Each structure stands twice: as C-alpha cells, then as structure tokens.
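No lab work stands behind these numbers, since they all come straight from the coordinates. In this text, all values refer to a predicted model and were calculated from it rather than measured experimentally. Glycine gets a Cβ as well: all are built from the backbone with ideal geometry, and neighbour counts include every protein chain shown.
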Amino acid sequence: MNAIEAYIGDLDRRLSGSAGAKADLLTEARDGLIDAAEAYLAGGVDEAEAQRRAVADFGPADLIARDYQAELGLRRDIRVLWELIVGVPLLILAWDLARVLSSGDWSRLGQPPSWYHRAIGTADTLAALSPMVAIAGLIAARLLSRRQDGPPVARVVSWSLAGALGLNLLAVATYGGATGLVEPARLIVSVPCAALSATWILFSTRLTFAARSRRATA
C-alpha cells in the first residue's frame, strides 16, 4: 500500500457518519493528495518521496479527521432538520386525516373534558412550530455561510436542531400525556390512529438518537 492510500485508510478509520458523506470527503482528500504528489513528481522527485511529501503537506491525520468529523456532523444535523421539515407536517396531516376517518370510533368514547382540547391544541401548535424552527435554522445557516464557515454555522444548525427536536418531542409528550390521563384507548381508537401514534414516537426517537450520536462523535 502506498503512502496516500495508507493515509486515506487512516482517515477512514477515524471517521464515523454517513457512508456516502464519508466517501465524498475521502475522495476529495485522495484527489488533493494525488495532485500534490504529481506536482512533486513533475519536479523530479521519485514516486514514494512525492507521496510522502504530499501526505506531510496535507497535515496530521488526527487533525484532519477532527475537521472532517465536524463536517460530517454538520451534514447529519442538516439531514435531520430536513427530515423534521418533511416528516412532521406529513405526520400532522396523516393524523388529522385518521381522526376524521375514525370520527365514529372517537364519538363512542364520549366527550373529553375541556382542558383536553386545550392540551391537544397546544400539542398541535408545538408540532407545527417544530418544522418552522428547522426552516429558520437552515435559512440562517445558509445566510451565515456566505460570510463565514466553520463553528458559527455549525452552532446555528445545532441550536435550531435542538429547538426543533425539543418542540416535536414536547408535542408528542403533551399529546400522549393528556390522552393517557383522559383515556389511553384514544391512542389506539382505530388501526390508523394506533399506527400513526407508533410511527410518530418511533420517528421522534430515531431523530433524537441521530442528533445525540452526532454530539457523541463531535
């Protein structure tokens, strides 16, 4: 194995994240190293020495991996934000449709207390705010990236992700908690309602773990 491939392999072992995103970064690194080695070759240096110098110029693998890991984390955060932007509205619409289709089943459970309607309205508002915060975060990050890259952009994305995820989790907890206090059977009043309740919980849990794993490897 030549010096360039050994260096790329070292970087690969140090990085965690999306396979596609990792492959993109490693390809860019390999191309840069090959270009640098070819420049040394053109200057009369032998191939092994040209590769060694190219690797030395590129920088220590641990420092480069730290920068690349931050980039992978930023990409993961942005992907989670997009999943919130698309997924939460779809779940809200699907849940409303399921409630309409199963209105007969709901009516058989009787009229809930007035505070329950207020709690569900609050949950709906929190859920609607979640993708709005995600969109605002992406727009702010895009505008900021025109002036500077790196930590400031990552912080904006991270804060907006925390806010959007928090709102979504609070919405799920408010809905589930209020319904559980009134009558848990309302969560599974029909097959569509039961499936959507489970889907929303699993969706929220998966995104939360994705965000937590990003911070664990940052």
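A few comments on the model shown:
- In order along segment 65-78, the Karplus-derived 3J(HN,Hα) couplings, from 6.51 cos²θ - 1.76 cosθ + 1.60 at θ = phi - 60°, round to 4, 5, 5, 5, 5, 5, 5, 5, x, 5, 5, 5, 4, 5 Hz, and Gly and Pro are given as x.
- Working note: Karplus 6.51/-1.76/1.60 with θ = phi - 60° gives segment 195-201 the couplings 5, 6, 4, 5, 4, 5, 5 Hz, where Gly and Pro are set to x.
- For segment 21-99, taking Cα atoms only, Rg and Dmax work out to 21.7, 75 Å respectively.
- Projected over all directions and averaged, the alpha-carbon convex hull of segment 38-172 occupies 13.0 nm².
- FRET efficiency estimate (nearest 0.05) - Cβ-Cβ, Arg79 to Val100, R0 30 angstrom: 0.40
- For segment 124-130, Karplus couplings with θ = phi - 60° (6.51, -1.76, 1.60), whole Hz, Gly/Pro x: 4, 5, 4, 5, 5, 6, 4
- The residue among Val55, Pro89, Leu15 whose Cα reaches farthest toward the positive pole of the charge dipole of segment 1-158, with charges on the beta-carbon of Lys, Arg, Asp and Glu, is Pro89.
- Between the listed residues Ala3, Gly137, Gly32, the Cα displaced farthest toward the positive end of the dipole of segment 1-138, a dipole computed from Cβ unit charges relative to the Cα centre, is found at Gly137.
- Computed from the C-beta positions of Arg118 and Asp67, the FRET efficiency with R₀ = 41 Å rounds to 0.25.
- Efficiency of FRET from Cβ geometry, Ser18 and Ala48, R₀ 30 Å, rounded to 0.05: 0.35
- Unit Cα scatterers, Debye sum, segment 113-164: log10 I(q)/I(0) for q = 0.27 Å⁻¹: -0.92
- Rounded to the nearest 20 debye, dipole of segment 1-104 from Cβ charges on Lys, Arg, Asp, Glu: 660 debye
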